[in-house]
1. State yes or no: is Arg273 at pLDDT 85 or above and surrounded by fewer than 17 Cβ atoms within 10 Å (Cβ to Cβ)?
2. Is there any pair linking a residue in the stretch 54-78 that is over 22 Å from Leu264 (Cβ atoms) and assigned by TED's automatic domain parsing to the domain that holds Ala42 to one that is of a type in the set (Val, Ile, Thr) and at pLDDT below 90, with Cβ under 7 Å and at least six apart or on different chains, and which?
3. Any residue in the stretch 355-369 that is under 14 Å from Ser452 (Cβ atoms) sitting within a Cβ distance under 8 Å of a residue that is of a type in the set (S, T, N, Q) and surrounded by 16 or more Cβ atoms within 10 Å (Cβ to Cβ)? List the pairs, counting only those 6 or more apart or interchain.
4. Go through (1) under 30 Å from Glu199 (Cα atoms); (2) crowded, with 24+ Cβ neighbours inside 10 Å for Ala397 and report which single condition fails.
5. Kindly indicate which of Leu360, Leu374, Leu383, Leu355 is assigned to a loop (DSSP other than H, G, I, E, B), modelled with pLDDT of 90 or more and of a type in the set (A, V, I, L, M, F, W, C).
6. Go over the candidates Leu125, Leu110, Leu133 one by one and state the one that is crowded, with 24+ Cβ neighbours inside 10 Å and out of contact with any Gly (no Cβ under 7 Å at 6 or more places or on another chain).
7. Applying the selection to the stretch 433-464, what residues are in a helix (DSSP H, G or I) and farther than 18 Å from Leu362 by Cα?
Amino acid sequence: MSSTVVERPTSAGRDTGRWWALVVLALAQLMVVLDATIVNIALPTAQADLGFDDFGRQWVVTGYALAFGSLLLLGGRLSDFFGRKRMFVIGLVGFALASALGGAAQNLELLIFARALQGAFGAALAPAALSLLSTTFTEPAERGKAFGIFGAISGAGGGIGLLLGGVLTEYVSWRWCLYVNLVIAAIAVAGAFAKLTDEPVRAHGRIDVPGTITAVSGLVALVYGLGNAETDGWTDAMTLGPIAAGVILLIAFVFIERRAAHPLLPLRVVLDRNRGGSYASIAIAGAGMFGIFLFLTYYLAGILQFTPIQTGLAFLPMLGSVMLTATTAGSMLAPKIGPRPLVPVGALMAAGGMLFLTRLELDSTYVTGVLPGLIIIGLGLGLVFAPTQNAATSGVAHSDAGVASAMINTVQQIGGSIGTALLSSFAATAAEDYLVGRTASQLTQAQAALESYHTVFFWSAGFFVLAAVVGALLFRTGPLTVDPDAPRAMAH
């Protein structure tokens with residue numbers, strides 16, 4: 001069987017075209033990452049407007065996470081089968097329409113349905129964006145720079161969501177936290193048609209139906225169970241049952257993939273040391289990251305009495321430091337030395353920043369108490385995100401680029417779900433333990449909340465230390481093998 005030679009445009013026009021392609025892909029990535037936090041800020045206002053309870057509020061968040069986390073692998077494989085650019089545009093348009101539906105929702109049910117639809121189209125969009133980036137930038141130095149910028153947006157998007165959510169909720173309406181995606185998607189769709197080029201799609205086998213069913217149902221059960229752990233506790237049947245079912249289904253998925261002729265997730269993608277290291281590191285760091293965005297937001301709003309906009313602004317220095325190290329280390333160091341030294345150093349820096357936050361008191365100020373920790377965490381996260389995303393898609397055959405990209409989003413989503421569930425339960429236990437034997441008053445309640453935040457920051461630091469150890473053990477020494485298809489893809 002002859003291999004298809006992929007013709008690529010010649011250099012001059014291609015150079016500017018590639019960087020414009022990066023702008024389009026980064027914009028789409030920003031929209032997906034943004035949506036994980038922007039709606040959180042809008043939720044209390046939406047709850048008052050539509051009149052639903054806290055259980056309903058939980059489902060507005062969980063609906064998105066369930067659909068997104070469980071459908072990513074399928075979305076990644078579909079982009080390998082039907083074309084990355086095609087799935088990218090389908091994901092963008094669908095995400096925008098789902099956002100419009102959510103923004104116009106007049107009841108809780110429609111809002112949850114719209115959020116689940118957003119998650120489903122996000123699962124088509126995110127892997128397509130990352131795999132397009134991977135196949136567009138194949139020269140190591142350029143690739144490092146591109147992944148640095150993309151990684152910076154992945155790390156900073158959550159904070160941008162907090163700020164934008166605060167501004168829109170306070171000055172316009174909570175509905176604009178959803179409508180804003182129409183604006184972003186319209187620009188990205190126009191850019192996709194103008195600037196994105198995709199390779200011809202080679203004929204693939206059929207979709208792996210048994211693998212798809214076990215993967216999707218296993219991930220749904222796992223994310224659902226973890227979501228229940230956050231609200232109902234770890235011993236509840238609605239927590240343990242779904243988690244156990246999810247683990248069993250995912251084990252069955254691995255056995256199916258070992259025998260499938262056309263697997264949904266070829267195990268060669270995961271078993272490579274660098275890719276395995278990047279998936280493990282990003283999952284564990286994802287768990288730690290929720291300690292920053294969720295509980296530091298509670299501290300700023302509850303104890304420092306920040307408004308939503310002030311809370312969003314408070315995270316900007318962290319975003320700046322993420323961008324600084326992601327773009328510099330990503331473009332300069334990663335192509336030369338690979339991820340092995342960078343990811344452990346970055347994760348340890350993030351752990352140091354989290355430990356700094358454990359010193360926060362009721363009378364701490366933002367400038368002396370919060371800001372230094374945020375800057376240190378941001379500098380560390382920049383070193384984690386860019387090299388891991390690069391490593392996750394390096395050395396992978398182009399026919400597997402979509403599913404390799406999907407895996408990094410999947411593990412980050414699962415890591416985030418585990419982190420949110422674990423940290424929420426640790427925080428609740430710490431607050432309850434503090435209140436035992438103390439007279440209830442406003443001061444003791446505030447002190448109990450602070451105790452819960454300290455506990456979370458300690459555990460988040462632990463997650464980052466674990467990510468550092470895993471990265472040091474799993475990653476190979478030396479630069480990444482960038483692109484096995486590059487020699488025949490590019491005319492030298």
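The values are calculated or read from the model by the stated rules, or taken from the named source; none is laboratory data. This structure is a prediction, so every number in the text was calculated from the model and none was measured. Note: ideal-geometry Cβ built from the backbone for every residue, glycine included; neighbour counts use all protein chains shown.
1. yes
2. Listed pairs, sorted by first residue: Gln58/Thr231; Val60/Val39.
3. Here the result reads Leu362/Gln447, each pair linking the stretch 355-369 to a residue that is of a type in the set (S, T, N, Q) and surrounded by 16 or more Cβ atoms within 10 Å (Cβ to Cβ).
4. The one condition Ala397 does not meet is (2).
5. One residue alone meets the criteria, Leu360.
6. It is Leu133.
7. Once the filter is applied, which keeps residues that are in a helix (DSSP H, G or I) and farther than 18 Å from Leu362 by Cα, the stretch 433-464 yields Asp433, Trp459, Ser460, Ala461, Gly462, Phe463, Phe464.
For (1) among the β-branched types (Val, Ile, Thr); (2) assigned by TED's automatic domain parsing to the domain that holds Ile418, each residue gets a yes or a no:
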site: Val220; (1), (2): yes, no
site: Glu230; (1), (2): no, no
site: Pro242; (1), (2): no, no
site: Leu250; (1), (2): no, no
site: Ile256; (1), (2): yes, no
site: Ala301; (1), (2): no, yes
